[in-house]
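In what follows, a single structure is set out as structure tokens and then discussed.
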Amino acid sequence: MFESPTIAEFVTQSNLASTLPGTLLVAWTLLLVLVDLFAGDEREHWTPLGACLGLGVSFVANLFVYAPAADQQTALYGMFIADAFTGFLNIVILVATLLAVLMSRDYLMRAGIHRGEYYILTLLSSAGAMFMVAANDLIVVFVALELLSIPLYILAAFRSIKNDGGELALKSEESGMKYFILGAFSSAFLVFGAALVYGASGTTNIPQILEVAPAVVDAASSATFYLVVGTALLIVGLGFKVAVVPFHMWTPDVYEGAPTPVTALMSVTAKIGGFAALLRILVTALSVLLLVDGGVAAWQTTISIIAALTLVLGNFVAISQRNLKRMLAYSSIAHAGYIMVALAAAGTAGSADSATQGALVYILAYMFTNLGAFAVVMTIERVDGGGGNIDDITGLARSRPLLAMAMTIFMLSLTGIPLTAGFVGKFMVFAAAVQAGLVGLAVIGVLTSVVSAFYYMRVVVNMYLRDSSGELLPALETVYVRWAINIALAGTLIFGIFYPLASNLVSMVSIA
Amino acid sequence: MHLALVTAAPFCLALLLALPQTRSHLGKTTQTLLSTALMAALFAWLVGAFPLLQAEQVIVQRLEWMPALGISLSFYLDGVSLLFGLIITGIGALIFFFAGFYFDDAAEYNRFMVWLAGFAGAMLALVLSGNLLMLFIAWELTSVTSFLLIGFQGKKQEAAREGAFKALFVTSGGALALIIGLVMLGAAAGQVITPEANSGFVAELDVILKLDNLHEHAWFPLFATLILLGCFTKSAQFPFHFWLPGAMSAPTPASAYLHSATMVKAGIYLVARLSPVMTQHELWANGLLGVGLLTMLVGAIFAIKQSDLKGLLAYATVSKLGAIMALLGLPGQAGLKAALVGIIAHALYKSALFMVAGTIDHAAHTRHIGRLGGLRKELPGLFWVTVISALSMAGLPFLMGFVAKETLLDALLHYSAPWTALVMLVALVSAALTALAAYMLIGEVFLGQRPRGLRIHKPPTPIYYGPALLAFCSLVMGFLLDPLIIPLLRLAVTKSFSLPLFAGFNEVFWMSAGVLVAGALLYLVRKPLTARITFPLSGDAVYREIINYIDWAGNALLHFQSGYVRYYLVWILGSVSLMLVASGTLSTVTAGQTLLPQDLSMTATDLAKIFMLLLTIVAAALTVVLREHVKAAIAYGVIGYAIGVIFLINHAPDVALVQMLVETMATVLIIIMLGQIRPGARLKVIDSLWSGRHDYNFGFLRDLGISIVIGLAVFVFSLIALQNRPDRHSIAKWHLENTVLVNSEDAVGAIVADFRGTDTLLEIAVFTTAALGVLTLLARGRVGGGGRPAPSKAPVESTPEFDAEAVEAIQDATSLSTPFTRLVTHFVLPVAILIGIAQILYGGSGPGDGFTAGVTIGLAVSLWYVVLGYDEARRQLPWFRPEQFVRLGLVIGIVNALLPLLLGKGFMGHVQFDKALGIYDLVGSFGLHITSSLFFEIAIAITVMGGLGIIIEAIAYPQSRAAADEGLSAVNI
């Protein structure tokens, strides 16, 4: 007779305990649905509070599961992996989500949208990101990616605000639709790629792919072809999620139209998920097997080209932007380029670990800085999307000195100036690239950083060196956004000044 | 005292000054005295370290900070750092004192001093750092504080903003080159120390400076160039010099301190610091010499053209910095002595002259040379300070500047290379022009007639103290070479040397004298001379061009960002094709593989399949070509049906049924949606697609080309994939053999409801989520108010607030409503429900299952919405409540999944209820089996029906009404 295992058997066999950070978050979120249902008019207070608590619970669970001494362990029959990589990125995701929830609390209040599903979708998306960084199987990569993306499609279309003329601004809907259509399109690439890799190797499990791949490559048969094409399609599918050129087209449109906290969230968590999967697939599963002469992975050239294109395009186009949100959108493309540099560096035998660690520190720095910058933008932006232009920030140093100081630090960090977290990230990435022999790519990275100084410093110049003609800017934001800014600022400075911290945190990470 | 404390002291001062309490409790004078005293104390401490250094040569102190990354707080003090440290603290003390009287406004002074003290700390950290990365951090901090100081008056002056930005852009750009250079240097050092192992990154200066074969490393040319780039930009070398004159918008104390005495010498410091291990390579030496000499000449030429007092001083500084760079490039440290003497002399006279310029600015409210003159009578003290300092700059015997010039010429003269003559010529011409600039400072500003309208208000006396002290130093330092300067130099210069004040009437002396005379002669013809000079190459113009190009490139790249998803798709598909081609595997793999099937014989069913495929192609073509959207949509539906028939031919009736139902559903939904678009708008779109477009041919051909390329790529790819399939075990057989275990005769049904039951359960949850997503996207305004909108009670025609077009649109959507269609609609629904029930009950033994049942009923309901319109359908089908169906379905599904747990089976375990109740034979005689699978199918059917209902309602809701709803809800917001 065909029998399923009992729950108890299932829990032990599948080692569910090590999936707790993610599964607890999902479970908490489902409870939150009920809380939201019964909270009624009070939901605008209770749901965000519940969301924050859920993040805290997941955070604590994460600390237990990924205690530094703990070995890596797999769960769900090898489909899920809990190692230092997962633990570190889980923390980054949880902090990012917390900041986004704080920002959302303010945004929804000002926009008059008191809908609980907003927070529920946010948490679900973050849970998707957490499953993605723990994915040890192409199937899980795909399922987690969808869990990550689908709530974001909906969130992107969440803003129903009228503009000054009383007309309904359709930007948010357009943003959600575009994100959805192109996202579905890219998912197809991902699935197709996974199918081909499966066809070639006979497995979707990442460590198992690593085992069988050398034989597949040696055979030089059609299976080799599937493996290479499958890898290329996986890069395309995930490249879309992390928004690297030429798969970045959706980014500015979507970022501009989506509610600002959602933009901030997806500029961080979606990228983390995508990069984690890319790292796991390329570095863990496909590094050794595609090593060509000189100990360099076959995909390194492709990734290098993508990285270079991304750096150049992202940084140059950001210059032309007058809208701060759009500028940050393009600059987020550029930052994906810097992480891609680390990924390319991981393709050289022997530097996979240092490159991966560099990428993680960069992600950490980028998370604090970028969310902080978006939070500052929120304070000057009106909910209809107006007021977020670079000229609107003029004279901020006089009207809001502390806010201007925070923004300056975020801008310096995004440029990569020392004593900010951004410098530590850039330094580790470039050092890894140099170590991996990708000096040319590192130089491109540096030159484009100079270009980026051009538009980041313009913000600082406008705040400090220009006087606003009119009255002082009113304080639009609430205490929640201020908390978000404070946390982001603290992270940016702490990891910038005490830089041993970041590198110690990731020193255990090894996925090669 | 630890060097860390020395470095930290100015930062603490900056923090102290930044406190609000300081601002309110301490007066300007107190703050001035405090700051000056601190810098003087640091100066005294450094002087006190002198004997210790004489004993030990180098002091290294270390605080472990970040061993993993090669970063520790390490400090390195030797002769060179001591010299720079003395200048930073000594000149710093004088400038801090001067600034107290330069600013009239106390608040402004305080703000300025915070940044200036911060800068002093950063600069001290830079020269005392024993670690490359800490040095770099300090380097960037000086750039940032410099940016803030240059832009100090930015709120009033556009020039200050521009100058600040320019300085930051150039120096930060150079700094980024520098960091890559330093990283490579550190990596190279690691490889030199342990060639076999990849020992990582070495950043400690004391380790690096002991490596004598670093220049043999393969990376040397690259990192040397990058480091030089960083140093050249920081020290304002040609062609990056232009930021320094731009930086003159800074308040004068900052100019005197940063842009003359200290920060611009950071590049020189780093070059001097690294030269011992770098200068063996020609690239390093010749690069320094070439760029230095060029800068020296260009700076001197520009200096005499300036009309701004500070501009003149800035270009003179550029020239002097070039001279020092060139000296450092001389082989084997031959120029180090001259360079260090030059640094001392320059710091003394140039800071004094900057403070003079600041005092004049303060007293006369202008720095324009043409508007000044005859100040000797008004400001006699200042006059004498200027005379001494300017003559030191010109190199008059026996001032300190004279010593510097003598050693400079001497060092260059002993440089034996084919181009020594050219080097000397450049040096002499520059020296003569510098002398001319010095004379102009005295002559144009202090002598001659005082121009009319020039008012002088006497500055406070203490403002003279600093410049006077420096001038005094310039005057007497030459006579104190033995006790003061030479011991200091002995710490830095390893070779034995002599430094006499007067070396006799040798060739160098005559050259030096000739330069002074030539300068004097040039002074007589200065006006025609300066008018003649034009310089074709301007770094500033290049900078502007670069900035313009960056802007242009940004805008040009922006054109790809059209906002149209279809172009994005083209880009993505194009890139994917490129990637596949570039991967180069296509040809290698196809080479040994079969592209076409070997066996081409056909059976009758094959012919039927070919016919269906042709039908698919024709239908696809029609979808594109047909002018009316409704017909196109139906043609689109035919594609799906044809594929469904292929499934049927391949013995997969379940799959075929699902395919056809879904296709029908999709077509119906498309048609409902098209009904929502106003006919006018629809025609406009079609016309613009098919005719009346100017670029009709181009656009059409382009799209056709893209489609063909992508189609071909997919075709070839699929063909290869199909023909070269690896052999794998199929799990189909297992399913067929084990279907009987779950009392089913239909393998598809068994897979959906049992073998992969959990998947299906999640699948319907996903389906529900998708439906909710559609609701969010399409029904935004209505949901905001909470729940489903009620059907409109009033006849549509009589509501006056709708415009005529909207009414027409609504009528159009319901134009299918004829007595006949109404009859059919009413008739279809019960039949559909019966079919659905049959599919559920007999899903285990025949085609169809819960999903198809849900779709069938949903289709029948959608017919109501199409034919009768939203309002009437809602009124006539009050029992059809999609949200409740979804809930009900999900609850049944979950309960059904959990129930087996109570019966001691697994989650979603298979339960035969009929057997348990003893009615197995009874229901079996009807061909039924009451199992958990059956209930699961019911759950699926209800959920799917509800989800479809949500989607249909969202789509069928009249657009004009939706707009009106949003208008109302806006009032609530």
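Tabulated data for the structure shown
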{"read-out": "Condition check for residue B:353: closer than 25 Å to residue B:526 by Cβ and crowded, with 24+ Cβ neighbours inside 10 Å", "value": "yes"}
{"read-out": "Matching entry among A:476, A:447 (being facing chain B (nearest Cβ under 9 Å) and modelled with pLDDT under 85)", "value": "A:447"}
{"read-out": "Candidate set from segment B:536-563 (those that are more than 25 Å from the chain's Cα centre (by Cα) and not in a helix (DSSP H, G or I)); member that is surrounded by the most Cβ atoms within 10 Å (Cβ to Cβ)", "value": "B:538"}
{"read-out": "Filter pass, residue A:115 being assigned to a loop (DSSP other than H, G, I, E, B) and of a type in the set (Lys, Arg)", "value": "yes"}
{"read-out": "Which listed residue, of A:139, A:120, is closer than 19 Å to residue A:208 by Cβ and within 13 Å of chain B (Cβ to nearest Cβ)", "value": "A:139"}
{"read-out": "Those residues of segment B:407-463 which are of a type in the set (Ser, Thr, Tyr) and either touching a His at 6+ places or on another chain (Cβ under 8 Å) or modelled with pLDDT of 85 or more (or both), in sequence order", "value": "B:407, B:430, B:434, B:439"}
{"read-out": "Search result, residues across segment B:233-244 that are among the hydrophobic types (A, V, I, L, M, F, W, C) and over 15 Å from residue B:260 (Cα atoms)", "value": "B:238, B:240"}
{"read-out": "Candidates A:55, A:24, A:16, filtered to the one that is closer than 23 Å to residue B:908 by Cα and either among the β-branched types (Val, Ile, Thr) or modelled with pLDDT of 90 or more (or both)", "value": "A:24"}
{"read-out": "Set A:481, A:434, A:424: member being under 25 Å from the mean Cα position of the chain (by Cα) and within 22 Å of residue A:265 (Cβ to Cβ)", "value": "A:481"}
{"read-out": "Odd one out for residue B:235 among (1) away from chain A (no Cβ under 11 Å); (2) polar (S, T, N, Q); (3) more than 25 Å from residue B:326 (Cα to Cα)", "value": "(3)"}
{"read-out": "Test: residue in segment A:82-96 that is among the charged types (D, E, K, R) and in contact (Cβ under 8 Å) with a residue 60 or more places away in the chain", "value": "yes"}
{"read-out": "Residue within segment B:203-226 that is within 14 Å of chain A (Cβ to nearest Cβ), buried (at least 21 other Cβ atoms within 10 Å of the Cβ), under 23 Å from the mean Cα position of the chain (by Cα) and within 22 Å of residue B:273 (Cβ to Cβ) present", "value": "yes"}
{"read-out": "Some residue of segment A:260-276 being more than 13 Å from chain B (Cβ to nearest Cβ) and more than 14 Å from the chain's Cα centre (by Cα)", "value": "yes"}
{"read-out": "Hits in segment B:862-914 - residues which are in a helix (DSSP H, G or I) and aromatic (Phe, Trp, Tyr)", "value": "B:864, B:865, B:870, B:885, B:913"}
{"read-out": "Given (1) part of a helix (DSSP H, G or I); (2) facing chain B (nearest Cβ under 10 Å), index of the condition residue A:246 fails", "value": "(1)"}
{"read-out": "Qualifying residue in segment B:524-535 (condition: part of a loop (DSSP other than H, G, I, E, B), in contact with a helix residue (DSSP H, G or I) (Cβ under 7 Å, 6 or more places away or on another chain) and surrounded by 13 or more Cβ atoms within 10 Å (Cβ to Cβ))", "value": "no"}
{"read-out": "All positions within segment A:245-276 that are among the aliphatic types (A, V, I, L, M) and in contact with a strand residue (DSSP E or B) (Cβ under 9 Å, 6 or more places away or on another chain)", "value": "A:276"}
{"read-out": "Close pairs from segment A:192-211: first more than 25 Å from residue A:83 (Cα to Cα) and assigned to a helix (DSSP H, G or I), partner among the small types (Gly, Ala, Ser) and modelled with pLDDT under 90, Cβ under 7 Å, at least 6 apart", "value": "A:193/A:230; A:196/A:230; A:200/A:223; A:200/A:230"}
{"read-out": "Residue match in segment B:901-909 (condition: within 18 Å of residue B:834 (Cα to Cα), hydrophobic (A, V, I, L, M, F, W, C) and surrounded by 21 or more Cβ atoms within 10 Å (Cβ to Cβ))", "value": "no"}
{"read-out": "From the options B:951, B:940, residue that is more than 22 Å from residue B:837 (Cβ to Cβ), modelled with pLDDT of 80 or more and away from chain A (no Cβ under 12 Å)", "value": "B:951"}
{"read-out": "Where residue A:306 falls short, out of the listed (1) in a helix (DSSP H, G or I); (2) more than 14 Å from residue A:449 (Cβ to Cβ); (3) within 14 Å of chain B (Cβ to nearest Cβ); (4) at pLDDT below 90", "value": "(4)"}
{"read-out": "Matching residues, segment B:490-508, being surrounded by 13 or more Cβ atoms within 10 Å (Cβ to Cβ) and either modelled with pLDDT of 85 or more or on the phi > 0 side of the Ramachandran plot (or both)", "value": "none"}
{"read-out": "Helices (runs of 4 or more DSSP H) within segment B:1-101 that include 1 or more residues β-branched (Val, Ile, Thr) and either free of Cβ contacts under 8 Å to residues at least 60 places away in the same chain or within 30 Å of residue B:474 (Cα to Cα) (or both)", "value": "B:3-18, B:28-48"}
{"read-out": "Every pair of residues 6+ apart whose Cβ atoms lie under 7 Å, when the first sits in segment A:413-431 and is facing another protein chain (nearest Cβ under 7 Å) while the second is among the charged types (D, E, K, R) and assigned to a helix (DSSP H, G or I)", "value": "A:417/B:140; A:418/B:140"}
{"read-out": "Leading residue by the ranking (farthest from residue B:666 (Cα to Cα)) among those in segment B:618-636 that are in a helix (DSSP H, G or I) and over 47 Å from the mean Cα position of the chain (by Cα)", "value": "B:618"}
{"read-out": "Selected residue [crowded, with 20+ Cβ neighbours inside 10 Å, touching a strand residue (DSSP E or B) at 6+ places or on another chain (Cβ under 9 Å) and either in a helix (DSSP H, G or I) or of a type in the set (D, E, K, R) (or both)] from A:22, A:50", "value": "A:22"}
{"read-out": "Condition check for residue B:38: under 41 Å from the mean Cα position of the chain (by Cα) and either within 30 Å of residue A:431 (Cβ to Cβ) or loosely packed, with under 14 Cβ neighbours inside 10 Å (or both)", "value": "no"}
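Yes or no, residue by residue, for (1) out of contact with any strand residue (DSSP E or B) (no Cβ under 8 Å at 6 or more places or on another chain); (2) closer than 30 Å to residue B:930 by Cα; (3) modelled with pLDDT under 55:
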| site | (1), (2), (3) |
| --- | --- |
| B:798 | yes, no, yes |
| B:826 | yes, no, no |
| B:834 | yes, yes, no |
| B:838 | yes, yes, no |
| B:846 | yes, yes, no |
| B:867 | yes, no, no |
| B:871 | yes, no, no |
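Listed here are the residues, each with its yes/no results for (1) at pLDDT 75 or above; (2) more than 10 Å from chain A (Cβ to nearest Cβ).
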{"position": "B:512", "(1), (2)": "yes, yes"}
{"position": "B:518", "(1), (2)": "yes, yes"}
{"position": "B:539", "(1), (2)": "no, yes"}
{"position": "B:548", "(1), (2)": "yes, yes"}
{"position": "B:564", "(1), (2)": "yes, no"}
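The values are calculated or read from the model by the stated rules, or taken from the named source; none is laboratory data. The shown structure was predicted, so the numbers you read here are calculated from the model rather than taken from an experiment. Cβ: placed from backbone, ideal geometry, glycine included. Neighbour counts: every protein chain shown.
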